[in-house]
Amino acid sequence: MNDRFMKISIIVMIFSTLLVSLTVQDVTAESVPEWVKNNALWYGQGDISESEFLNAIKFLIDSGIIIIEDSKINLKVMEAQVIIPNGNFDVSGSGFYKPLNLEINKNTKVTWVNDDSVPHNIQSQDELGKVTDMFNSPPLNTGDRFEYTFEEEGVYHYYCSFHPWRVGVVTVQ
């Protein structure tokens, strides 16, 4: 799944969830500020971050344009993906994790996918590079996946112990 398709899927999922679980009172296209509409477009095109897009939705809620009925709120786990691209094992190559710094919200399930031709693993680290036991995958062969749901805000570092020059970051907001 490419990044553009994933972003469009997230937009559709967010708006679908809003339509199902929200009561909208007297909302017309004219009541939604133009900058919010632009943010949705730019997010779909990959020009702004998920946080910027979600801030636009938050604005609509805070402004009373969208009203949430507490009894209908369902917390859904969002999903994101990190690709271990082909060539990631090569110390001189440019096969960095995609994305290198994944920015997500709390309660997002991250799936690492090994698209490389050799095994990799995902090992959590502290900010000094010491391995922690927060999330650690078994060896991932080509096509294998590893999932972890981030429930707390923070900056989470990880690397592949087979190829320690390959490091990545998950930033949870």
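Tabulated data
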item: Beta bridge orientation in the range 78-172: antiparallel %, DSSP, nearest 5; result: 65
item: Size of charge dipole - the range 78-172 - debye, nearest 20, with Cβ of Lys, Arg +1 and Asp, Glu -1, no other charges; result: 180
item: Anisotropy class of the range 40-173 from Cα gyration tensor, a/c 1.5 cut; result: prolate
item: Shape metrics for the range 103-173, restricted to C-alpha atoms - Rg then Dmax, Å; result: 11.8, 33
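Any read-out appearing in this document is the output of simple, stated calculations on the displayed coordinates, not a laboratory observation. Please read all numbers here as calculations on a predicted model, not as lab measurements. Please note: Cβ atoms are built from the backbone with ideal geometry, for glycine as well, and neighbour counts cover all protein chains shown.
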